[in-house]
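What follows is one structure encoded as structure tokens, with my remarks underneath.
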Amino acid sequence: MKDINTLLDLAEKGAMLIPEQLSHINMFINACKRMKSYLKRAESLNLSLASYGASINELNVLSEQIEFSIRNNQVDDNASKELKNIRRQIEGINSDIKAKLDSLLRSKKEYFSEGFVSIRNGHYVLPVKKEYKHMVSGSVLDISSSGATYFIEPTIVAKLKDELALLEIAESNEIRRILYELTALVAENAYPIRINMEAMVSLDFIFAKAKLSIDMKAVVPNINTERRIVIINGRHPLLKQDICVPLNCQI
């Protein structure tokens with residue numbers, strides 16, 4: 001549950017949760033579902049502990065929306081038709097850029113000092129020999145330390161990069177829209193999530209006490225109103241059990 005309260009506060013204030021934070025919330029929701037299922041099995045044993053399961057909200061709609069939209073802490077292509085279409089166009093332009101550069105590399109091998117495409121400051125560039133720098137139309141973005149190679153972004157690629165930049169802005173806007181929608185859904189479910197947190201805190205404390213009692217080989221005492229204390233084979237919980245001498249006492 002670490003940071004869950006903080007994330008709920010942010011969502012309620014209208015902030016935008018990032019994919020990692022939404023995934024974190026979904027992990028907690030799934031943990032609550034597993035706990036509810038676990039407690040369901042305890043109903044057949046008529047244990048009072050099983051009643052805690054009724055206070056745990058499954059929040060299936062919120063969980064399904066997050067799982068549908070977020071994959072590996074990233075907004076998935078299928079989160080919306082618009083995002084899928086934008087990313088398909090981005091992929092197509094990137095392929096066109098590489099294809100054009102590869103074609104230029106193959107057709108004018110003598111112009112280039114290397115046979116592969118480089119990237120400088122986020123731009124695809126060709127490693128053009130100094131003596132051929134005027135033969136390749138484009139912008140010089142970098143020069144090698146020796147000065148023998150000019151890294152040029154061809155004009156035809158620059159035009160495609162402009163289209164790519166516009167698509168990347170559209171992608172960013174669509175991602176933010178999706179994240180704001182998911183954040184709003186989290187805010188709507190903040191109250192039941194907090195109820196789940198309270199239930200999980202109570203259960204954590206109960207299980208911790210149970211584990212400690214098992215480790216100590218403790219037993220449940222019978223309470224009486226007669227001011228009687230009867231201890232049979234009692235051991236101090238802080239002493240080592242293998243050397244502690246059991247105590248029998250009746251008062």
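Look through GLU110, GLU114 and report the one residue that is surrounded by 12 or more Cβ atoms within 10 Å (Cβ to Cβ), acidic (Asp, Glu) and closer than 30 Å to GLY147 by Cβ. Lay out the reasoning, then the answer.
Working: GLU110 fails: surrounded by 12 or more Cβ atoms within 10 Å (Cβ to Cβ).
So the residue among GLU110, GLU114 that is surrounded by 12 or more Cβ atoms within 10 Å (Cβ to Cβ), acidic (Asp, Glu) and closer than 30 Å to GLY147 by Cβ is GLU114.
Considering every residue within the range 50-61, establish whether at least one is part of a strand (DSSP E or B) and either of a type outside the set (Asp, Glu) or under 15 Å from THR183 (Cα atoms) (or both). For the range 50-61, residues part of a strand (DSSP E or B) and either of a type outside the set (Asp, Glu) or under 15 Å from THR183 (Cα atoms) (or both): absent.
Say we look at the range 3-43 and pick out the residues that are among the charged types (D, E, K, R) and in contact (Cβ under 8 Å) with a residue 12 or more places away in the chain; which of these is farthest from ARG176 (Cα to Cα)?
Initially, the range 3-43 is screened for residues among the charged types (D, E, K, R), giving 3, 9, 12-13, 20, 33-34, 36, 40-41, 43.
With in contact (Cβ under 8 Å) with a residue 12 or more places away in the chain added as a condition, the list becomes 3, 12, 20, 33, 36, 40.
On the way: ASP3: 22, GLU12: 17, GLU20: 14, LYS33: 29, LYS36: 33, LYS40: 39 Å.
This residue is LYS40.
Scanning the range 121-140 finds no residues that are under 30 Å from ASN5 (Cα atoms) and aliphatic (A, V, I, L, M).
Scanning the range 109-125 for residues that are under 19 Å from ASP162 (Cβ atoms) and modelled with pLDDT under 85 turns up VAL117, ILE119, ARG120, ASN121, GLY122, HIS123, TYR124. Scanning the range 71-105 for residues that are touching a strand residue (DSSP E or B) at 6+ places or on another chain (Cβ under 8 Å) and open to solvent by 80 Å² or more (accessible area, probe 1.4 Å) turns up LYS98, LYS100. The condition of being in contact (Cβ under 8 Å) with a residue 40 or more places away in the chain, of a type in the set (S, T, N, Q), touching a helix residue (DSSP H, G or I) at 6+ places or on another chain (Cβ under 6 Å) and not in a strand (DSSP E or B) does not hold for ASN94. Here's a check for you: in the range 229-248, which residue that is hydrophobic (A, V, I, L, M, F, W, C) and open to solvent by 100 Å² or more (accessible area, probe 1.4 Å) is nearest to ASP215 (Cα to Cα)? Across the range 229-248, the extreme among qualifying residues is LEU238. Scanning the range 135-185 for residues that are in contact with a Leu (Cβ under 7 Å, 6 or more places away or on another chain) and of a type in the set (Phe, Trp, Tyr) turns up just one, PHE151.
Rundown of residues vs (1) surrounded by fewer than 14 Cβ atoms within 10 Å (Cβ to Cβ); (2) basic (Lys, Arg); (3) in a helix (DSSP H, G or I), yes/no style:
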site	(1), (2), (3)
VAL128	no, no, no
GLU174	no, no, yes
ILE178	no, no, yes
THR183	no, no, yes
ILE206	yes, no, yes
ASP215	yes, no, yes
VAL219	yes, no, no
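When the residues of the range 34-49 are filtered to those that are in a helix (DSSP H, G or I), closer than 16 Å to SER202 by Cα and more than 26 Å from the chain's Cα centre (by Cα), which remaining residue is modelled with the lowest pLDDT? By that ranking, first place goes to SER48.
Taking the options ILE206, ILE193, name whichever one is at pLDDT 90 or above, of a type in the set (Val, Ile, Thr), farther than 15 Å from SER118 by Cβ and under 22 Å from the mean Cα position of the chain (by Cα). Before you say what the answer is, go through the steps one by one.
Numbers: ILE206 fails: under 22 Å from the mean Cα position of the chain (by Cα).
Criteria check complete, one pass: ILE193.
If only residues of the range 130-172 that are under 35 Å from the mean Cα position of the chain (by Cα) and acidic (Asp, Glu) are counted, the one that is surrounded by the most Cβ atoms within 10 Å (Cβ to Cβ) is GLU171.
The values are calculated or read from the model by the stated rules, or taken from the named source; none is laboratory data. Fair warning: this is a prediction, and the values are worked out from it, not measured in the lab. Don't worry about glycine lacking a Cβ; one is built from the backbone with ideal geometry, like all the others, and counts go over all protein chains shown. Calculation scope for accessible area: heavy atoms of the full protein, side chains included, ligands and nucleic acids excluded. Shrake-Rupley method; radii C 1.70, N 1.55, O 1.52, S 1.80 Å.
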